[in-house]
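The values are calculated or read from the model by the stated rules, or taken from the named source; none is laboratory data. Predicted model only: the values in this text are computed from it and were never measured. Every residue, glycine among them, receives a Cβ derived from its backbone with ideal geometry; neighbour counts consider all protein chains shown.
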């Protein structure tokens, strides 16, 4: 969803473990205690499932806003892997040629005569990210948007590069792919995925959201404010049908990915063509998911408040999925600890000390900041004892203190360090650093 790729993912075994279970009863206990540590300290909420050799050995739901192991969650871009499997099924049945061009379906898209279905599936099409409108507006899909308006934005953005030149993660490509499926089947995406994946695998907690069933009593996304979990705004998910609009849970995700690698959905020869090659991160709807020297395959997903990973390694028949819908501790770090228990790696159990900023400092941070090299000005202000930031033409967001003078907005990977006596701030996001002055 947000063009956000989870870097730390899942598993693998070696011949040393070929005849023994990797996750012993002692490790199961350690994993539950590890998850409880984050729940007790109100650092994370979510759902974890682990399958080994076809059997679920861990299913843990945590957080006081989540209810049971059958709670549904938004899974973000893991949806793309479902979409890609639907294309693989069509290809096997000779009902689509993955080398045919986008122009056969949407000739109005710039460069459509040069873009193939395969390039759309493996993120080499050059198509861009309609989730961010006009390159700055991140929240335009929070409310219902017409298909025609989404198409207008995809057309406006055009191509970032010639098809096949390089790799760039594209939500726009997958929106169009889902609409191509609807043309081929003459049905809604929700019906297509139900018939071809959900019903055959008996996925009881999985459904594609549309206008008639938005959310379906699924868990919301939360952030921690004043020591408590509070709901935050997220996508209107029918706007991202086929891109990030599926709700599910970790049990169903593990059933799905395990079935995919067991020829219950497509042939293994077809799946092999979907996997990333050599040093590539992306295949056709499938991501490489490494942990140290070990490689597994699956996909990650992020909405504005929920973060998920699904992965499977056929060598040890180990599937791990996690969904985090309340994050006050980095999800990737949580995953590293979880996998470290499984693979006997050293790690330090985190200690949580909440920093409460001094009120007089908060008042000093207020003002409007800008720089010639930064495209917009940012207003910093206090509202109901919370420090907020607002970029020009964008919605406001709450900054969370992590230490003296340093705040973050975790959903966007943004960190701000204030230098109140120099009337400036240092903004860090996506590996870039900017200095803004009042």
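Would you confirm whether any residue within the stretch 54-67 is assigned by TED's automatic domain parsing to the domain that holds residue 270, in a loop (DSSP other than H, G, I, E, B) and under 18 Å from residue 158 (Cα atoms)?
No.
If I ask for residues that are farther than 27 Å from residue 378 by Cα and surrounded by 15 or more Cβ atoms within 10 Å (Cβ to Cβ), which ones from the stretch 127-144 would you list? Walk me through how you get there before you give the answer.
Taking the stretch 127-144 first, the residues farther than 27 Å from residue 378 by Cα are 127, 144.
127, the sole residue that qualifies.
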Selection count, the stretch 90-126, where residues are assigned to a loop (DSSP other than H, G, I, E, B) and surrounded by 14 or more Cβ atoms within 10 Å (Cβ to Cβ): 15
Check on residue 193, farther than 30 Å from residue 390 by Cα and touching a strand residue (DSSP E or B) at 6+ places or on another chain (Cβ under 7 Å): yes
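In the stretch 342-349, is there at least one residue being closer than 22 Å to residue 224 by Cα and surrounded by fewer than 17 Cβ atoms within 10 Å (Cβ to Cβ)? If you could, list the steps in order and put the result at the bottom.
Taking the stretch 342-349 and keeping what is closer than 22 Å to residue 224 by Cα, we get 349.
Of the ones still in play, those that are also surrounded by fewer than 17 Cβ atoms within 10 Å (Cβ to Cβ) are 349.
For the stretch 342-349, residues closer than 22 Å to residue 224 by Cα and surrounded by fewer than 17 Cβ atoms within 10 Å (Cβ to Cβ): present.
Kindly evaluate residue 85 against the criterion of being touching a strand residue (DSSP E or B) at 6+ places or on another chain (Cβ under 9 Å), buried (at least 20 other Cβ atoms within 10 Å of the Cβ), modelled with pLDDT of 95 or more and under 28 Å from residue 243 (Cα atoms). Steps first, please.
On the way: touching a strand residue (DSSP E or B) at 6+ places or on another chain (Cβ under 9 Å): no; buried (at least 20 other Cβ atoms within 10 Å of the Cβ): yes; modelled with pLDDT of 95 or more: yes; under 28 Å from residue 243 (Cα atoms): yes.
Answer is no for this residue.
For the stretch 59-85, give me the residue count where each residue is over 30 Å from residue 225 (Cβ atoms) and without any contact (Cβ under 8 Å) to a residue 40 or more places away in the chain.
Within the stretch 59-85, the subset over 30 Å from residue 225 (Cβ atoms) is 80-85.
With without any contact (Cβ under 8 Å) to a residue 40 or more places away in the chain added as a condition, the list becomes none.
So the count comes out to 0.
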Every pair of residues 6+ apart whose Cβ atoms lie under 8 Å, when the first sits in the stretch 145-171 and is closer than 27 Å to residue 281 by Cα while the second is modelled with pLDDT under 95 and assigned to a helix (DSSP H, G or I): none
Qualifying residue in the stretch 397-406 (condition: touching a helix residue (DSSP H, G or I) at 6+ places or on another chain (Cβ under 6 Å) and loosely packed, with under 14 Cβ neighbours inside 10 Å): no
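Of all residues in the stretch 32-53 being part of a loop (DSSP other than H, G, I, E, B) and touching a strand residue (DSSP E or B) at 6+ places or on another chain (Cβ under 9 Å), which is farthest from residue 218 (Cα to Cα)? Write out each step before concluding.
Initial filter on the stretch 32-53 (part of a loop (DSSP other than H, G, I, E, B)): 41-43, 53.
When the remaining residues are screened for being touching a strand residue (DSSP E or B) at 6+ places or on another chain (Cβ under 9 Å), the result is 42-43, 53.
Numbers: 42: 20, 43: 20, 53: 29 Å.
Top of the filtered list is 53.
So, residue 401, is that one touching a residue at least 60 places away in the same chain (Cβ under 8 Å) and outside the structural domain of residue 327 (by TED's automatic domain parsing) or not?
Criteria not met by residue 401.
Among the residues of the stretch 410-431, which ones are at pLDDT 85 or above and under 26 Å from residue 233 (Cα atoms)?
Going residue by residue through the stretch 410-431, those that are at pLDDT 85 or above are 414-429.
Selection gives 414, 415, 416, 417, 427, 428, 429.
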In the stretch 303-329, the residues that are farther than 19 Å from residue 65 by Cα and either modelled with pLDDT under 95 or not assigned by TED's automatic domain parsing to the domain that holds residue 28 (or both): 313, 314, 315, 316, 317, 318
Residue that is nearest to residue 324 (Cα to Cα) [pool: residues in the stretch 289-299 that are surrounded by 24 or more Cβ atoms within 10 Å (Cβ to Cβ) and in contact with a helix residue (DSSP H, G or I) (Cβ under 7 Å, 6 or more places away or on another chain)]: 299
